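Step one of this worksheet: look at the structure below.
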Amino acid sequence: MSGEKDDKKVVKKNKRTKKIKNKLLLMIMPTVCLSLIILVAISAYLTNINMTNMAVSQLEASVDSQGDDIESWLKKNLEYFSTVKKIIETLKPDDELMKKIIYGTKGMNSDSANGMYMNTADGKVYSSVKKVEAGQKLKDTMWYKEGITRVNMGYGEVYNNAEGIAIISATGIIDDGSGETKVIGSDVSLNKISIIVNSKVKMDGAYAFLVDKETKTILADKDNDIVSKNLGEVTSNKELYSNVSKKIDSEDYSMFTINNQLVCCREISGTDWLLVSYIDKGIILKDAYRMMNIQIIVGIVATIVIIIFIRVVVGKVIAPISIIADSVTKMSSGDFTVNVESKSNDEIGLMSEKVAIFIDVMREMINNINKEAIKLSSDSENSSRVSIAMNDAAQNQAEAMKNLNNTVDQLAVAVNEIAENATTLAMVVADTRDNSDKANQSMKDTVEISKNGREEMERLNVAMSDIKAANNELVKSINDVGTASEEITKIVGFIAEIAEETNLLSLNASIEAARAGEAGKGFAVVASEIGNLANNSSESAENIAHLIEKIRELIDKVVHQADVSAEQIDENSKSIDSAVKTFGNIYENIQSSNTMIDEVIRNIQKVEEVATNVAAISEEQAASTDEILDTSTNMVKQANNITESSQEVAVNAEELAKTSENLTEYVNKFKI
Amino acid sequence: MKTSKKIFSLILCVVLALSNLSGCSLFGKSESTSSNGKYMLIMSKQDTFLTLLKEEIEKEAKNKGITLDFVDTGEQVIDQVRACKKAKDENYKAIICQAYDADTARQLEIAAGDVPIVFINKRIDEKFLKEDKYIYVGSRDSEAGKMQAEYVYEKLGKPSEINAVILKGSSGIVTEYRTLGIKQYFQEKNVKVNYIFEDSANWKTDIASNYVQIAINTKQKIDCVFANNDLMALGAVEALEKNGYDLSKTPVTGVDATVEACQSIVDGKMQFTVLQSAENIAKDVIQAAVIIGNGKSIKDLEHNSNQIYLFVPFEKVDKEGAKSRIK
């Protein structure tokens, strides 16, 4: 069974070993190819751009150079002609000399073989060549028409001369102050221009042509057939020519590309001409492509070489690895009885060496692991037990804490109540104090009042005494009156007696008077009058005696009243005395009350303090109980945590036990 | 250990490379910090317009509080080159230069080194100009030609055919564009123009006068005369007058609006000119000189075109305009 397994593994292993080679190749190859392709592509692109830029510069330089050539050629000839003109203007020659000069120019300038010519407005002609055709008027010739528009010589439009050669005429008015219009001119053929345009292109593969911007006629071109044709009439390379036409219209002479051709333009100053030079991009890029091709070939060759090289090298390197692979395979199935030899001193040799060390280490390690596994088993059992104990303890703690919590809750409630009550008490006490303060105040007022009352009473007493005294005085006075009246009575008595006696007298007197007869009538009258008087007196005396009786009665009454008053006064005095005493008592009572109330107030204050303290303390207590509550809640939580943790520990311990079992199982798999 | 050595040597290399580069002063203009703060004005020739331009430039320089040294090099290219070299050696901030020969622009630029140049009057070919370094301040010459053509067209009653004389300046861009402006205008208006005489009178009155006389001698019909500048226009006026032409029917137009030209217009001789405002050009010149002298860009200026030109617009000057100018 295991043998089969081993065989399968060996086969697999061989397959695997082979695969490394291929894998490496497969990984390296695309990268290498890709990099090569990118390299080639980039360099090709850059080359393309560079070569195009260079080509453009070269083309521009070429066209500039050609343009310069044309311009300088034109200028050279113009100057030559202008010199002759200047000489004529300075010399102001006569007819003979003029002829000599003009005809003398023939053949001197290779570009203007026929020399110069001059025609005047009034018909004089100095010319080696016929410049006015038969039937043509001077003023209708183009060269003349152009000539009279300037003094300084300048070129005109291209036209064909009598021989059909394309020429341009340089013409101008002679400024000799004569007032006559004389036009001097000279012809140059475009042959030289053509040569410059066609043969003097300074860039391989480039071509040029010359076109008149005004008439859009082609003045020079490598294809002779299209010379003198209009731009629009060209059939071959049509797009180029028609585009040039458009450029002329828009006066845009910058470089452009058309139909895969680079085109540069250059205006020829002093004329209406445009020099156009173009080159096929393909030519420019030919070199670029060639280089690209070379690079591609080199790339391919390099790729092939790399492939072969990799195969060989990898093969060589892999060989020792397969041996190691064998050993490792055995190790993977738990057989650490293998031995690995290290032969080379490169990485692979190093690997072999290390693998050998590894095997030794592994053997020892497995031994140790085994031992450890056993230890682990017992440890896990311990762990389990401990965790259970912990769990219990924690639960108990939690319970206890809960109880504590409840107790504390209750305590808190009680304390709160106390606090409330104390607060209430304090309030009540405060009220009471207010009231007792008020009472105190009232007391004091009352004391004052009672003091006043007593004083009043005393004054009253004194007043009573006075009254009594006064009463006594009155009684005394009345008694005095009584005595006086008694005296009066006595007196009255006397009076009465007197009166009686008087009466008697009067009678006597009357008698005598009677006796005295007539002498005595007066006396009789007097006597009768005395007798009347005496009667009156005795009447009065009786009245007085009555009155005095009445007075005596009244006096008695008064005395009686006075006695009654005195009694009443005495009684009042007694009452007052008792009132005074009572007031005195009240006063003393009030005093003592006052002092008592002061004490009460003090006591109330004490109570208030106590009550406030109690309130404060009980609040503190409440706070403390809150804290206790928090703390105990915390502790409950902690206890719960411990419970959880211990449960985890228990679980871990279980797992640990399982692990150690597994470990032991695995370890037993290894053969050492 | 190995990696730190590698890093160290790499840093060293980078430092060396950078110091090399800075030595080559690829990093900005160090000149501006060591400049002497002065500007140089080089002029090669004088005519009425150029004298006016010089005055305006110097006035504007004074207004802006910049020191402007004037160098009259005459018509010698070598003197101009020397002046530019001096500007470089003495660290001038910028040069304002009227080149005698527009083709020598490259030489002048090389001689000036890093000192920027504002070219005036003589128009320099675009290939010699460089953004914010070598610039040309002037006017769009084609605009001048266009204004002249427009005036004449209107004046002659919008004819369909005109016989014109064009008196050109010396060969160059200014001449080319002023002439082109005239021709383009008529092309646009579909007017058939016979340029019965078209030649360069080298900006000079006497040559212009002579040439117009010669043109008259050819007995061609002349409807109008365009001159690329006022001096030549005045020459044309002279010649036409001498030959009995009615100048109001044969308008002569010039460019520059010089005092003489304006007087001529007021007198009914010349009919039209175009003002190249020396004042406005001078303003732009000084402004540009200060800007590029400090290494900044002219791209935000009103008359900027591609950062190499400042085109100050021309102004038409007809009889009314001429009157007010003479006052």
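The values are calculated or read from the model by the stated rules, or taken from the named source; none is laboratory data. All values derive from a computational prediction rather than experimental measurement. All Cβ positions, even for glycine, are placed from backbone atoms using ideal geometry, and neighbour counts span all protein chains on display. Each accessible area value is taken on the protein alone, full model and side chains, heavy atoms only, with ligands, DNA and RNA left out. Shrake-Rupley method; radii C 1.70, N 1.55, O 1.52, S 1.80 Å.
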(message) Go through segment B:159-187 and report how many residues are under 24 Å from the mean Cα position of the chain (by Cα), open to solvent by less than 20 Å² (accessible area, probe 1.4 Å) and either within 11 Å of chain A (Cβ to nearest Cβ) or closer than 19 Å to A:I148 by Cα (or both).
(response) 5
(message) With the structure loaded, tell me whether A:K131 is assigned by the TED database to the domain that holds A:S269, modelled with pLDDT under 90, farther than 21 Å from A:A220 by Cβ and open to solvent by 40 Å² or more (accessible area, probe 1.4 Å) or whether it fails that test.
(response) no
(request) Kindly indicate whether any position in segment A:206-228 is open to solvent by less than 10 Å² (accessible area, probe 1.4 Å), free of Cβ contacts under 8 Å to residues at least 24 places away in the same chain and more than 14 Å from every other protein chain (Cβ to nearest Cβ). (result) yes
(message) Within segment A:148-171, take every residue that is within 14 Å of chain B (Cβ to nearest Cβ) and within 15 Å of A:S127 (Cα to Cα) and give me the one that is surrounded by the fewest Cβ atoms within 10 Å (Cβ to Cβ).
(response) A:A170
(request) Can you confirm whether segment A:280-292 contains a residue that is open to solvent by less than 60 Å² (accessible area, probe 1.4 Å) and farther than 30 Å from A:Y207 by Cβ? (result) no
(message) Take B:Y100 and tell me if it is buried (at least 16 other Cβ atoms within 10 Å of the Cβ), part of a loop (DSSP other than H, G, I, E, B) and of a type outside the set (D, E, K, R).
(response) yes
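Just to check your reading of the model, which residue among A:Y117, A:Y144, A:Y126 is open to solvent by less than 20 Å² (accessible area, probe 1.4 Å), touching a helix residue (DSSP H, G or I) at 6+ places or on another chain (Cβ under 7 Å) and part of a helix (DSSP H, G or I)?
A:Y144
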(message) Given the criterion under 30 Å from A:I597 (Cα atoms) and either in contact with a Ser or Thr (Cβ under 7 Å, 6 or more places away or on another chain) or assigned to a helix (DSSP H, G or I) (or both), identify the matching residue among A:N536, A:N461, A:N452.
(response) A:N452
(request) Name, by its number, the condition in (1) surrounded by 15 or more Cβ atoms within 10 Å (Cβ to Cβ); (2) in contact (Cβ under 8 Å) with a residue 12 or more places away in the chain; (3) not aliphatic (A, V, I, L, M) that does not hold for A:D626. (result) (1)
(request) Can you give me the number of residues within segment B:163-184 that are in contact with a helix residue (DSSP H, G or I) (Cβ under 7 Å, 6 or more places away or on another chain) and over 30 Å from B:Y100 (Cα atoms)? (result) 0
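Go through segment A:242-261 and count every residue that is farther than 30 Å from B:G172 by Cα and crowded, with 19+ Cβ neighbours inside 10 Å.
From segment A:242-261, those farther than 30 Å from B:G172 by Cα are A:242, A:257-261; that's our starting set.
From what's left, crowded, with 19+ Cβ neighbours inside 10 Å: A:261.
Of the residues in segment A:242-261, 1 are farther than 30 Å from B:G172 by Cα and crowded, with 19+ Cβ neighbours inside 10 Å.
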(request) Can you tell me which residue among B:N190, B:N202 is open to solvent by 50 Å² or more (accessible area, probe 1.4 Å), more than 9 Å from chain A (Cβ to nearest Cβ) and within 25 Å of the chain's Cα centre (by Cα)? (result) B:N202
(request) Go through segment A:176-189 residue by residue and tally those that are surrounded by fewer than 21 Cβ atoms within 10 Å (Cβ to Cβ) and either within 14 Å of chain B (Cβ to nearest Cβ) or assigned to a loop (DSSP other than H, G, I, E, B) (or both). (result) 5
(request) Please work out if B:V137 is more than 15 Å from B:T250 (Cβ to Cβ), open to solvent by 10 Å² or more (accessible area, probe 1.4 Å), more than 11 Å from chain A (Cβ to nearest Cβ) and hydrophobic (A, V, I, L, M, F, W, C). (result) no
(message) Which condition from (1) in contact (Cβ under 8 Å) with a residue 40 or more places away in the chain; (2) within 14 Å of chain B (Cβ to nearest Cβ); (3) of a type in the set (A, V, I, L, M, F, W, C) is the one that A:I193 breaks?
(response) (2)
(message) For the condition at pLDDT below 80 and surrounded by 12 or more Cβ atoms within 10 Å (Cβ to Cβ), what is the one hit in A:A422, A:A393, A:A356?
(response) A:A422
(message) So A:H560 passes all but one of these: (1) without any contact (Cβ under 8 Å) to a residue 40 or more places away in the chain; (2) more than 17 Å from A:N471 (Cβ to Cβ). Which condition number does it fail?
(response) (2)
(message) Out of A:T612, A:T631, I need the residue that is under 19 Å from A:V415 (Cα atoms) and surrounded by fewer than 15 Cβ atoms within 10 Å (Cβ to Cβ). Which one?
(response) A:T631
(request) Return the residue satisfying two criteria in turn: it lies in segment A:110-144 and is among the polar types (S, T, N, Q) and in contact (Cβ under 8 Å) with a residue 40 or more places away in the chain, and of such residues it is farthest from the other protein chains (Cβ to nearest Cβ). (result) A:N114
